[in-house]
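Remarks on the structure that follows.
The values are calculated or read from the model by the stated rules, or taken from the named source; none is laboratory data. This is a predicted model, so every value here is computed, not measured. Cβ sites come from the backbone with ideal geometry, for glycine too, and all protein chains shown count toward neighbours. Only protein heavy atoms, including side chains, enter the accessible area calculation; ligands, DNA and RNA are left aside. Shrake-Rupley method; radii C 1.70, N 1.55, O 1.52, S 1.80 Å.
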Amino acid sequence: MAAVDDLKFREFDDAATLLAANPDATTISIDEPAEAHKNQHSRRQEPGREEDDELLGTDDSDKTELLAGQKKSAPFWTFEYYQTFFDVDTYQVLDRIKGSVFPVPGRNFVRLYVRSNPDLYGPFWICATLVFAIAVSGNLSNFFIHLGRPTYHYVPEFRKVSIAATTIYAYAWLVPLALWGFLMWRNSKVMNIVSYSFLEIVCVYGYSLFVYIPTAILWIIPQKVVRWVLMIFSLCLSGSVLVMTFWPAVRDDNRRIALATVGTIVLLHALLSVGCLAYFFDAPEVDFPAPIIPAHNGTTLITKVK
(Lines give C-alpha, C1' and ligand atoms only; values in the text may rest on other atoms or scores of the structure.)
Protein backbone atom coordinates (compact mmCIF):
# COMPACT_ATOMS: atom_id res chain seq x y z
CA MET A 1 0.00 0.00 0.00
CA ALA A 2 1.39 3.43 -0.93
CA ALA A 3 2.51 5.79 1.79
CA VAL A 4 0.39 8.76 2.75
CA ASP A 5 3.08 11.22 1.60
CA ASP A 6 3.10 9.69 -1.88
CA LEU A 7 -0.62 10.51 -2.35
CA LYS A 8 -0.23 14.20 -1.57
CA PHE A 9 -0.09 16.82 -4.36
CA ARG A 10 3.31 18.43 -4.65
CA GLU A 11 4.60 21.28 -6.72
CA PHE A 12 7.10 20.21 -9.31
CA ASP A 13 10.43 21.93 -9.48
CA ASP A 14 11.88 23.46 -12.59
CA ALA A 15 12.87 21.19 -15.43
CA ALA A 16 16.53 22.03 -14.92
CA THR A 17 16.41 20.87 -11.25
CA LEU A 18 14.63 17.66 -12.16
CA LEU A 19 17.08 16.90 -14.92
CA ALA A 20 19.99 17.53 -12.56
CA ALA A 21 18.57 15.05 -10.07
CA ASN A 22 17.63 12.48 -12.71
CA PRO A 23 19.48 12.91 -16.04
CA ASP A 24 17.55 10.04 -17.64
CA ALA A 25 14.16 11.71 -17.11
CA THR A 26 12.09 12.71 -20.14
CA THR A 27 10.40 16.12 -20.29
CA ILE A 28 7.51 17.20 -22.49
CA SER A 29 6.88 20.86 -23.27
CA ILE A 30 3.24 21.80 -23.67
CA ASP A 31 2.66 25.06 -25.51
CA GLU A 32 -0.14 27.41 -24.74
CA PRO A 33 -3.06 27.37 -27.21
CA ALA A 34 -2.09 30.83 -28.45
CA GLU A 35 1.51 29.73 -29.02
CA ALA A 36 0.40 26.57 -30.80
CA HIS A 37 -1.85 28.58 -33.05
CA LYS A 38 1.00 30.99 -33.70
CA ASN A 39 3.37 28.16 -34.62
CA GLN A 40 0.76 26.64 -36.90
CA HIS A 41 0.23 30.01 -38.57
CA SER A 42 3.98 30.43 -39.07
CA ARG A 43 4.19 27.04 -40.74
CA ARG A 44 1.43 28.04 -43.13
CA GLN A 45 3.28 31.18 -44.09
CA GLU A 46 6.46 29.40 -45.12
CA PRO A 47 7.79 30.76 -48.42
CA GLY A 48 6.42 28.86 -51.37
CA ARG A 49 4.13 26.69 -49.25
CA GLU A 50 0.98 28.73 -49.79
CA GLU A 51 1.63 29.01 -53.53
CA ASP A 52 2.14 25.25 -53.85
CA ASP A 53 -1.11 24.56 -52.00
CA GLU A 54 -2.88 27.01 -54.28
CA LEU A 55 -1.51 25.39 -57.43
CA LEU A 56 -2.22 21.86 -56.28
CA GLY A 57 -5.63 22.79 -54.95
CA THR A 58 -4.98 21.06 -51.60
CA ASP A 59 -6.14 23.91 -49.38
CA ASP A 60 -9.44 25.75 -49.54
CA SER A 61 -10.42 24.63 -53.03
CA ASP A 62 -10.89 20.99 -51.97
CA LYS A 63 -13.00 22.09 -49.02
CA THR A 64 -15.08 24.23 -51.34
CA GLU A 65 -15.61 21.28 -53.69
CA LEU A 66 -16.76 19.06 -50.83
CA LEU A 67 -19.14 21.69 -49.54
CA ALA A 68 -20.40 22.38 -53.06
CA GLY A 69 -21.22 18.72 -53.50
CA GLN A 70 -23.36 18.80 -50.36
CA LYS A 71 -25.51 21.69 -51.62
CA LYS A 72 -29.01 20.81 -52.76
CA SER A 73 -29.59 21.82 -56.36
CA ALA A 74 -32.97 23.10 -57.44
CA PRO A 75 -34.88 21.42 -60.32
CA PHE A 76 -33.83 22.60 -63.75
CA TRP A 77 -37.29 23.98 -64.59
CA THR A 78 -37.15 26.50 -61.74
CA PHE A 79 -35.69 29.99 -61.79
CA GLU A 80 -33.44 29.20 -58.82
CA TYR A 81 -31.62 26.57 -60.86
CA TYR A 82 -30.44 29.11 -63.46
CA GLN A 83 -29.91 31.83 -60.88
CA THR A 84 -26.95 29.90 -59.47
CA PHE A 85 -25.12 30.27 -62.81
CA PHE A 86 -25.13 34.05 -62.39
CA ASP A 87 -24.39 34.13 -58.67
CA VAL A 88 -21.07 35.99 -58.91
CA ASP A 89 -19.89 39.38 -57.72
CA THR A 90 -17.91 42.06 -59.50
CA TYR A 91 -14.64 41.23 -57.78
CA GLN A 92 -14.77 37.61 -58.92
CA VAL A 93 -15.50 38.63 -62.51
CA LEU A 94 -12.66 41.16 -62.53
CA ASP A 95 -10.30 38.64 -60.99
CA ARG A 96 -11.14 36.08 -63.66
CA ILE A 97 -10.75 38.64 -66.41
CA LYS A 98 -7.35 39.57 -65.02
CA GLY A 99 -6.37 35.91 -64.92
CA SER A 100 -7.37 35.46 -68.57
CA VAL A 101 -5.51 38.56 -69.76
CA PHE A 102 -2.35 37.89 -67.73
CA PRO A 103 -1.87 34.11 -67.73
CA VAL A 104 0.93 32.78 -65.54
CA PRO A 105 2.78 29.63 -66.70
CA GLY A 106 1.98 26.63 -64.58
CA ARG A 107 -1.27 28.03 -63.18
CA ASN A 108 -4.55 26.30 -63.95
CA PHE A 109 -7.33 28.80 -64.68
CA VAL A 110 -10.08 26.41 -63.59
CA ARG A 111 -8.38 25.49 -60.33
CA LEU A 112 -7.53 29.05 -59.32
CA TYR A 113 -10.52 31.08 -60.53
CA VAL A 114 -13.45 28.95 -61.68
CA ARG A 115 -13.82 25.72 -59.73
CA SER A 116 -15.11 27.32 -56.55
CA ASN A 117 -18.00 29.01 -58.39
CA PRO A 118 -18.28 28.67 -62.20
CA ASP A 119 -20.55 31.29 -63.72
CA LEU A 120 -22.20 32.26 -66.98
CA TYR A 121 -22.52 35.95 -66.20
CA GLY A 122 -18.99 36.83 -67.31
CA PRO A 123 -18.91 34.66 -70.46
CA PHE A 124 -22.35 35.88 -71.60
CA TRP A 125 -21.54 39.58 -71.35
CA ILE A 126 -18.02 39.14 -72.68
CA CYS A 127 -19.41 37.45 -75.80
CA ALA A 128 -22.14 40.12 -76.15
CA THR A 129 -19.59 42.93 -75.84
CA LEU A 130 -17.27 41.22 -78.30
CA VAL A 131 -20.09 40.87 -80.83
CA PHE A 132 -20.87 44.58 -80.83
CA ALA A 133 -17.18 45.52 -80.71
CA ILE A 134 -16.46 43.48 -83.85
CA ALA A 135 -19.58 44.67 -85.70
CA VAL A 136 -19.16 48.37 -84.88
CA SER A 137 -15.40 48.34 -85.42
CA GLY A 138 -15.87 46.54 -88.74
CA ASN A 139 -18.28 49.22 -89.95
CA LEU A 140 -15.97 52.01 -88.81
CA SER A 141 -13.00 50.33 -90.46
CA ASN A 142 -14.86 50.12 -93.75
CA PHE A 143 -15.84 53.78 -93.39
CA PHE A 144 -12.27 54.96 -92.78
CA ILE A 145 -10.91 52.91 -95.68
CA HIS A 146 -13.27 54.54 -98.20
CA LEU A 147 -13.30 57.96 -96.56
CA GLY A 148 -12.61 60.76 -99.03
CA ARG A 149 -13.80 58.95 -102.15
CA PRO A 150 -16.45 61.02 -103.94
CA THR A 151 -18.35 57.94 -105.10
CA TYR A 152 -18.55 56.32 -101.67
CA HIS A 153 -21.77 56.52 -99.71
CA TYR A 154 -21.65 55.04 -96.21
CA VAL A 155 -24.34 52.47 -95.46
CA PRO A 156 -24.27 50.69 -92.06
CA GLU A 157 -24.01 46.91 -92.40
CA PHE A 158 -26.29 45.65 -89.67
CA ARG A 159 -25.94 42.09 -90.90
CA LYS A 160 -22.46 42.06 -89.37
CA VAL A 161 -24.07 42.09 -85.93
CA SER A 162 -26.04 38.90 -86.59
CA ILE A 163 -23.07 37.20 -88.27
CA ALA A 164 -20.75 38.12 -85.41
CA ALA A 165 -23.29 36.97 -82.81
CA THR A 166 -23.80 33.62 -84.54
CA THR A 167 -20.06 33.05 -84.87
CA ILE A 168 -19.05 34.07 -81.34
CA TYR A 169 -21.85 32.33 -79.44
CA ALA A 170 -21.59 29.18 -81.55
CA TYR A 171 -17.89 29.01 -80.80
CA ALA A 172 -18.36 29.76 -77.09
CA TRP A 173 -20.97 26.99 -76.69
CA LEU A 174 -20.51 24.31 -79.34
CA VAL A 175 -16.73 23.94 -78.99
CA PRO A 176 -16.91 23.55 -75.18
CA LEU A 177 -19.74 21.06 -75.64
CA ALA A 178 -17.67 18.96 -78.04
CA LEU A 179 -14.60 19.21 -75.80
CA TRP A 180 -16.60 18.22 -72.73
CA GLY A 181 -18.01 15.18 -74.52
CA PHE A 182 -14.54 14.18 -75.68
CA LEU A 183 -13.06 14.50 -72.17
CA MET A 184 -15.90 12.45 -70.72
CA TRP A 185 -15.28 9.74 -73.32
CA ARG A 186 -11.55 9.71 -72.64
CA ASN A 187 -12.23 9.67 -68.91
CA SER A 188 -14.03 6.37 -69.35
CA LYS A 189 -10.96 5.02 -71.17
CA VAL A 190 -8.28 6.48 -68.90
CA MET A 191 -9.30 6.46 -65.27
CA ASN A 192 -6.75 8.98 -63.95
CA ILE A 193 -7.55 11.68 -66.48
CA VAL A 194 -8.65 15.07 -65.12
CA SER A 195 -12.25 15.94 -65.91
CA TYR A 196 -13.96 19.33 -66.11
CA SER A 197 -17.66 20.04 -66.01
CA PHE A 198 -19.39 21.58 -69.00
CA LEU A 199 -20.00 24.80 -67.09
CA GLU A 200 -16.31 25.10 -66.21
CA ILE A 201 -15.27 24.66 -69.84
CA VAL A 202 -17.79 27.27 -71.01
CA CYS A 203 -16.49 29.62 -68.33
CA VAL A 204 -12.87 29.17 -69.50
CA TYR A 205 -13.75 29.78 -73.16
CA GLY A 206 -15.89 32.80 -72.32
CA TYR A 207 -13.25 34.56 -70.25
CA SER A 208 -10.50 33.70 -72.75
CA LEU A 209 -12.31 35.83 -75.35
CA PHE A 210 -12.09 39.02 -73.31
CA VAL A 211 -8.71 40.00 -74.77
CA TYR A 212 -10.33 40.28 -78.23
CA ILE A 213 -12.56 43.17 -77.12
CA PRO A 214 -9.77 45.79 -76.99
CA THR A 215 -8.15 44.07 -79.96
CA ALA A 216 -11.31 44.49 -82.06
CA ILE A 217 -11.40 48.19 -81.19
CA LEU A 218 -7.76 48.59 -82.22
CA TRP A 219 -8.49 46.79 -85.49
CA ILE A 220 -10.04 50.06 -86.66
CA ILE A 221 -6.49 51.20 -87.45
CA PRO A 222 -6.29 50.98 -91.29
CA GLN A 223 -2.96 49.16 -91.34
CA LYS A 224 -2.98 45.45 -92.13
CA VAL A 225 0.39 44.85 -90.49
CA VAL A 226 -0.80 46.39 -87.22
CA ARG A 227 -4.01 44.38 -87.32
CA TRP A 228 -2.25 41.06 -87.85
CA VAL A 229 0.30 41.81 -85.11
CA LEU A 230 -2.54 42.57 -82.70
CA MET A 231 -4.35 39.40 -83.75
CA ILE A 232 -1.27 37.22 -83.16
CA PHE A 233 -0.65 38.84 -79.78
CA SER A 234 -4.24 38.28 -78.66
CA LEU A 235 -4.20 34.74 -79.99
CA CYS A 236 -1.09 33.93 -77.96
CA LEU A 237 -2.61 35.32 -74.75
CA SER A 238 -6.01 33.67 -75.02
CA GLY A 239 -4.62 30.48 -76.51
CA SER A 240 -2.15 30.09 -73.65
CA VAL A 241 -5.05 30.19 -71.17
CA LEU A 242 -6.73 27.31 -73.01
CA VAL A 243 -3.52 25.29 -73.33
CA MET A 244 -2.53 25.66 -69.67
CA THR A 245 -6.06 24.74 -68.62
CA PHE A 246 -6.69 21.68 -70.78
CA TRP A 247 -3.22 20.23 -71.08
CA PRO A 248 -3.34 18.84 -67.49
CA ALA A 249 -6.63 17.18 -68.43
CA VAL A 250 -5.14 15.20 -71.31
CA ARG A 251 -1.43 14.81 -70.53
CA ASP A 252 -1.98 11.43 -68.84
CA ASP A 253 -3.71 10.14 -71.96
CA ASN A 254 -2.00 8.69 -75.01
CA ARG A 255 0.72 11.06 -76.19
CA ARG A 256 -0.64 11.42 -79.71
CA ILE A 257 -4.20 11.90 -78.53
CA ALA A 258 -3.11 14.53 -76.00
CA LEU A 259 -1.12 16.51 -78.56
CA ALA A 260 -3.91 16.21 -81.14
CA THR A 261 -6.47 17.46 -78.62
CA VAL A 262 -4.45 20.52 -77.63
CA GLY A 263 -3.58 21.17 -81.28
CA THR A 264 -7.27 21.08 -82.23
CA ILE A 265 -8.13 23.53 -79.43
CA VAL A 266 -5.46 25.97 -80.63
CA LEU A 267 -6.42 25.50 -84.30
CA LEU A 268 -10.11 26.27 -83.70
CA HIS A 269 -9.15 29.29 -81.64
CA ALA A 270 -6.85 30.52 -84.40
CA LEU A 271 -9.56 30.00 -87.04
CA LEU A 272 -11.92 32.19 -85.02
CA SER A 273 -9.33 34.98 -84.78
CA VAL A 274 -8.28 34.84 -88.41
CA GLY A 275 -11.86 34.51 -89.62
CA CYS A 276 -13.09 37.56 -87.70
CA LEU A 277 -10.17 39.67 -88.89
CA ALA A 278 -10.44 38.56 -92.51
CA TYR A 279 -14.23 38.86 -92.82
CA PHE A 280 -15.04 41.96 -90.78
CA PHE A 281 -11.89 44.03 -91.34
CA ASP A 282 -9.86 42.78 -94.30
CA ALA A 283 -12.74 42.34 -96.73
CA PRO A 284 -11.90 43.17 -100.37
CA GLU A 285 -12.67 46.68 -101.43
CA VAL A 286 -15.73 47.15 -103.63
CA ASP A 287 -15.35 49.03 -106.90
CA PHE A 288 -18.08 51.62 -107.02
CA PRO A 289 -19.55 52.44 -110.45
CA ALA A 290 -18.46 55.70 -111.95
CA PRO A 291 -21.12 58.41 -112.08
CA ILE A 292 -22.83 59.09 -115.39
CA ILE A 293 -22.73 62.78 -116.29
CA PRO A 294 -25.08 63.87 -119.10
CA ALA A 295 -23.47 66.17 -121.68
CA HIS A 296 -25.13 69.28 -123.12
CA ASN A 297 -25.28 67.85 -126.65
CA GLY A 298 -27.46 64.92 -125.61
CA THR A 299 -24.67 62.36 -125.26
CA THR A 300 -23.60 60.82 -121.97
CA LEU A 301 -20.08 60.84 -120.62
CA ILE A 302 -18.76 58.23 -118.26
CA THR A 303 -16.08 59.56 -116.00
CA LYS A 304 -13.61 57.24 -114.36
CA VAL A 305 -12.81 58.07 -110.80
CA LYS A 306 -9.54 56.78 -109.37
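The table below lists the values:
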| read-out | value |
| --- | --- |
| Accessible area of Val136 in the full protein assembly, 1.4 Å probe (Å², nearest 10) | 80 Å² |
| For the range 170-180, Karplus couplings with θ = phi - 60° (6.51, -1.76, 1.60), whole Hz, Gly/Pro x | 5, 5, 6, 10, 6, 5, x, 5, 5, 5, 5 |
| Solvent exposure of the range 121-243 as accessible area per residue, Å², 1.4 Å probe | 49 Å² |
| Area of Ile201 that stays accessible when all protein chains are in place (1.4 Å probe, Å², to 10) | 0 Å² |
| Listed peptides 153-163, 104-114 by packing density, highest first (mean Cβ within 10 Å) | 104-114, 153-163 |
| Karplus (6.51, -1.76, 1.60) ³J(HN,Hα), θ = phi - 60°, over the range 274-282, in Hz, Gly and Pro reported as x | 5, x, 5, 5, 6, 7, 8, 10, 9 |
| Accessible area of the range 119-208 belonging to carbon and sulfur atoms, whole % at 1.4 Å probe | 74 percent |
| Ile221 versus Arg251: modelled label distance in nm, points set 7 Å from Cα along the beta carbon direction | 3.5 nm |
| Whole-Hz couplings from phi, Karplus 6.51/-1.76/1.60, listed for the range 236-243; x for Gly and Pro | 5, 5, 5, x, 5, 4, 5, 5 |
